[in-house]
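Take a look at the structure below.
The values are calculated or read from the model by the stated rules, or taken from the named source; none is laboratory data. What you see is a predicted model, and the numbers here were worked out from it, not measured in a lab. Reconstructed Cβ throughout: ideal geometry from the backbone, glycine too, with neighbour counts over all protein chains shown. All accessible areas refer to the heavy atoms of the entire protein, side chains included, with ligands and DNA or RNA removed. Shrake-Rupley method; radii C 1.70, N 1.55, O 1.52, S 1.80 Å.
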Amino acid sequence: MSSVFSQSGPGGVEQTNGSSDLGWWLKADEGVYEDAGSDVAETGDGVYQWNDASGNAIHIQQSSYSRRPEYV
């Protein structure tokens, strides 16, 4: 007998379409930008925006240049 899971959230838990209890999900390897969402961050860049992958669009931004984390 085989099992099929249809969840797309972290660890195969919950959905990422905004319909589940998954409130916020930041991925380390995608959705990280040095501006407001068009220029993907590269090593050494200051992170301006980190997109929420949960489907709820709760993106975070750091507008203060001196407080931006460095993308590595």
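Remarks
- Exposed loop sites, defined as GluC sites (Glu not before Pro) outside DSSP H, G, I, E and B with at most 14 other Cβ atoms within 10 Å, are absent from the longest region of the chain, namely 43-72.
- Accessible area of the stretch 25-72 divided out per residue, in Å², using a probe of 1.4 angstrom: 66 Å²
- Note on D29: accessible area approximately 120 square angstrom, rounded to 10, probe 1.4 Å, nucleic acids and ligands left out.
- Accessible surface of the chain, 1.4 Å probe, proportion on carbon and sulfur as whole %: 47 percent
- Cα-centre dipole for the chain with unit charges at Cβ (Lys and Arg positive, Asp and Glu negative), debye to 20: 200 debye
- Amide H to amide H distances under 5 Å link A53 with W25, L26, K27, where only residues 5 or more positions off or on other chains count and H is placed in the peptide plane.
- Percentage relative contact order, the chain, counting C-alpha pairs under 8 Å, at least six apart: 26 percent
- If R0 equals 22 Å, the separation of the Cβ atoms of Y65 and E42 corresponds to a calculated FRET efficiency of about 0.85.
- Of the residues S19, Y48, A36, the one whose Cα sits farthest towards the positive end of the charge dipole of the chain is S19 (charges of +1 on Lys and Arg Cβ, -1 on Asp and Glu Cβ, taken about the Cα centre).
- Net +/- balance of residues flanking T16 in space, Cβ distance below 13 Å, scoring K and R +1, D and E -1: -3
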